[in-house]
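The values are calculated or read from the model by the stated rules, or taken from the named source; none is laboratory data. Quantities reported herein were computed from a predicted structural model and do not represent experimental measurements. Don't worry about glycine lacking a Cβ; one is built from the backbone with ideal geometry, like all the others, and counts go over all protein chains shown. Side chains are part of the model used for accessible areas, which takes the heavy atoms of the whole protein and leaves out ligands, DNA and RNA. Shrake-Rupley method; radii C 1.70, N 1.55, O 1.52, S 1.80 Å.
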Amino acid sequence: MSILQILEFPDPRLRKIAEPVTVFDAKLEVLIEDMIETMYEAQGIGLAATQVNVHKRLLVIDVSENRDSPLVFINPDFEIIDSELSEYDEGCLSVPGFYETVARPSSVKIEAQALNGENFELTAEGLLATCIQHEIDHLNGKLFVDYLSTLKRQRIRSKLEKDQKKSA
């Protein structure tokens, strides 16, 4: 298994729309294992393939208390079940060091495929629902900073660009 490089905002590759996964093979399984390892190493609770510069509709999530129950969603889509909004201080591995309050629907139904290509459905609430919506946004070229005011987004962008220049 390998730790993958996570793209950071404002990298334009984060805006690329992911393509559906059509091949369910050993290569996909290795990518999923690498993504899970990368997510854990980075202390995250979710990671979309777009964030590691793989533009396929694939994401991994683990919101379990012991960080030992990863979930894999291939070609995910969701439907809002409860339009009541829940607010969470969201962070993002692609926007390191920043947390901002974002309101999202509190309950969603997810349709996705498993590693073997079989379809499944899952109803999610709370943090899991928020995380799934956040990661699917990545697959659609959207970041949580897009929910913020232009001023906040520009401040975050400037700080990250400055930090990236220092470390280059």
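Going residue by residue through segment 56-64, is there one that turns out to be modelled with pLDDT of 95 or more, loosely packed, with under 13 Cβ neighbours inside 10 Å and at positive phi?
No, because not a single residue in segment 56-64 is modelled with pLDDT of 95 or more, loosely packed, with under 13 Cβ neighbours inside 10 Å and at positive phi.
Which pairs turn up if I take residues in segment 1-21 that are buried (at least 17 other Cβ atoms within 10 Å of the Cβ) and look for partners that are of a type in the set (A, V, I, L, M) and at pLDDT below 95 with beta carbon separation below 6 Å, at least 6 apart in sequence or on another chain?
That search, which allows pairs on different chains as well, returns Phe9/Leu160.
Just need a number here: residues in segment 132-168 that are surrounded by fewer than 16 Cβ atoms within 10 Å (Cβ to Cβ) and assigned to a helix (DSSP H, G or I).
16
Would segment 113-120 turn up any residue that is closer than 20 Å to Lys16 by Cα, free of Cβ contacts under 8 Å to residues at least 24 places away in the same chain and surrounded by fewer than 14 Cβ atoms within 10 Å (Cβ to Cβ)? Show your work before the answer.
Filtering segment 113-120 down to residues closer than 20 Å to Lys16 by Cα leaves none.
Taking every residue of segment 113-120 in turn, none turns out to be closer than 20 Å to Lys16 by Cα, free of Cβ contacts under 8 Å to residues at least 24 places away in the same chain and surrounded by fewer than 14 Cβ atoms within 10 Å (Cβ to Cβ).
Of Met35, Met1, Met39, which residue is among the aliphatic types (A, V, I, L, M) and at pLDDT below 95?
Testing whether each residue is among the aliphatic types (A, V, I, L, M) and at pLDDT below 95 leaves just Met1.
Give me the pairs, please: first residue somewhere in segment 85-102 and open to solvent by less than 20 Å² (accessible area, probe 1.4 Å), second residue anywhere and of a type in the set (Lys, Arg), beta-carbon distance under 9 Å, and either six or more positions apart or on two chains.
Close Cβ pairs satisfying both conditions: Glu90/Arg104.
Just one of (1) out of contact with any strand residue (DSSP E or B) (no Cβ under 8 Å at 6 or more places or on another chain); (2) under 15 Å from Asn140 (Cα atoms) trips up Gln43, so point out which.
Only one criterion is unmet by Gln43, namely (2).
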